[in-house]
Amino acid sequence: MASTGKARVEGPHCSSQIDPLAALRAPDDPPWDVYLTGTVFLDIVFTGLGSAPVRGTESWARGMGSSPGGVANMATALARLGLRTSLAAAFGDDHYGEYCWDALQQGEGIDLSPSRTVPGWHSPVTVSMAYDGERTMVSHGHEPPPEGPAPDCPPRARAAVASLTPGRGAPWIEQAARKGARIFGDVGWDDTGAWDLAALPDLRHCEAFLPNAEEAMRYTRTDCPRAAAHALTEHVPVAVVTLGAEGAYAVDRRTGETASVPAIDVEALDPTGAGDVFVAGFVTGTLAGWPLADRLAFAGLTAALSVQEFGGSLSAPGWTEIGAWWRRVRSVEGQDPSALRRYEFLEGLVSGELVRPWPLRRAVPTIGFRRSA
């Protein structure tokens, strides 16, 4: 996609202080670690509601925040984990679009050179209301006008994250795979009710497929998530099935590895974006060459940290939060030694002091504050 009206990032850039791929980087590497494409929404999140809004009444929220959402949730999660991330998306030429562009490019260090600004097209918007660990969302938007194929898109990258759509393929996925990208596919609910793996034509390009338990069982006609994961490896090398409060289970057909990691017990305030964060954590561990169990544990940890905060991209953890969690759990008396050993792989990554303040303030309540000179 051709970018118009915006400054571009002049090469790989990332706002994270830790590079999990530092030991693997070489001069002839692709310029980007991960490429993805999709729709960016402006998310407006209301928090601190006592209950769901009631028809005919007015509800007051104790807090609110604004941030880029949609595919920006995944892009932000990847960038905060230190991956050089490139995003192709359409942005409106309204104030919301300008805010989302600046938040992603300047705030998160995401490459937007494959993205474009569409004159006269307004930004899609989602209003999310969080209460009692649940969320209610209202969205509005229109499809951006189509554009011609761009010769440099998708760019060369180590990996790409793709949302698979039943009954429809995306040509960029095959193009990215031909350029050497490792494809990580997730999927949403199949509204057709068919639950046919043959209707996911791009699954054949994927290295890993990451459905939740219900999706995995429906696609494989099994009644056990673990059996579903093994069945999925007939179609994709690595199957990762998320089990909600029970954690996750993964199978690697090529190595014969299996891994089961329990979920971390946390108080979940808002699940928005947790699935994106889980995928980002698994992609990070895979590109870093970690064992399957470490990848699964790291993905679960990042997702657990995210649900303790409100919003999608707002809640995606970086290495500051991960390091703070690791120091905190080791300081608590009576911890299960075996549970701590599960996360000892973090020691070499977060042993140093991270100097950024934590928690980080990543949102403003209102778009368009004047900037002081």
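The values are calculated or read from the model by the stated rules, or taken from the named source; none is laboratory data. Values in this document were obtained by computation on a predicted structure and should not be read as measured data. Backbone-built Cβ (ideal geometry, glycine too); neighbour counts: all protein chains shown. Just so you know, the surface numbers come from the protein's heavy atoms only, side chains and all, with ligands and any DNA or RNA stripped out. Shrake-Rupley method; radii C 1.70, N 1.55, O 1.52, S 1.80 Å.
Listing for the model above:
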| read-out | value |
| --- | --- |
| Accessible surface of the chain [probe 1.4 Å, protein heavy atoms]: carbon and sulfur percent | 52 percent |
| Antiparallel bridge percentage (DSSP; both residues within the range 126-187; nearest 5) | 55 percent |
| Per-residue HN-Hα couplings for the range 58-67 [Karplus 6.51, -1.76, 1.60; θ = phi - 60°; Hz; x = Gly/Pro] | 10, 10, 10, 9, 7, x, 7, x, 10, 6 |
| Dimensions (Å) - the range 255-343, Cα atoms, principal axes, largest first | 37, 32, 20 |
| For VAL40, distant residues with modelled amide H under 5 Å away | VAL71, ALA90 |
| Probe 1.4 Å, all protein chains present, accessible-area order of GLU108, GLU134, GLU347, GLU234, largest first | GLU234, GLU134, GLU347, GLU108 |
| Simple label model, 7 Å out from Cα along Cβ direction - ALA263 to ALA324, nm | 2.3 nm |
| Estimated distance in nm for a label pair at GLU214 and ASP336, the labels positioned 7 Å out from Cα along Cα-to-Cβ | 2.7 nm |
| Accessible surface ranking that places the most exposed of ARG182, ARG295, ARG328 first, with a 1.4 angstrom probe | ARG328, ARG182, ARG295 |
| Peptides 22-33, 93-104 ordered by average Cβ neighbours within 10 Å, highest first | 93-104, 22-33 |
| Accessible-area order (highest first, 1.4 angstrom probe) of the listed residues TRP121, TRP172, TRP189 | TRP189, TRP172, TRP121 |
| Rounded to the nearest 10 Å², the accessible area of ARG327 at probe 1.4 Å | 80 Å² |
| Equivalent ellipsoid dimensions for the range 48-113 as semi-axes, Å, which come from the Cα gyration tensor, largest first | 30, 15, 10 |
| Length gained when the stretch GLN17-GLU134 is fully extended (0.36 nm per residue, less Cα-Cα span) | 38.9 nm |
| The chain, helix-only ellipticity at 222 nm - DSSP H runs n ≥ 4, -39,500 (n - 2.57), divided by all residues, nearest 500 | -7000 deg cm²/dmol |
| Unit Cα scatterers, Debye sum, the range 162-279: log10 I(q)/I(0) for q = 0.13, 0.21 Å⁻¹ | -0.50, -1.24 |
| Rounded accessible area of HIS230 (nearest 10 Å², 1.4 Å probe) | 80 Å² |
| Principal axis dimensions, the range 279-322 - Cα atoms, whole angstrom, descending | 31, 17, 14 |
| Value of D in µm² per second that Stokes-Einstein yields for the range 55-185, Kirkwood Rh from Cα pairs, at 37 °C (0.692 mPa s) | 195 µm²/s |
| Calculated FRET value between GLU58 and ALA245, using beta carbons and R₀ = 51 Å, to 0.05 | 0.90 |
| By average C-beta atoms within 10 angstrom, highest first, the peptides 254-263, 70-79, 37-46 | 70-79, 37-46, 254-263 |
| Förster radius 25 Å - calculated FRET efficiency between THR192 and GLU234 (Cβ-Cβ, nearest 0.05) | 0.70 |
| Area accessible to solvent at PHE282, 1.4 Å probe radius, in Å² | 0 Å² |
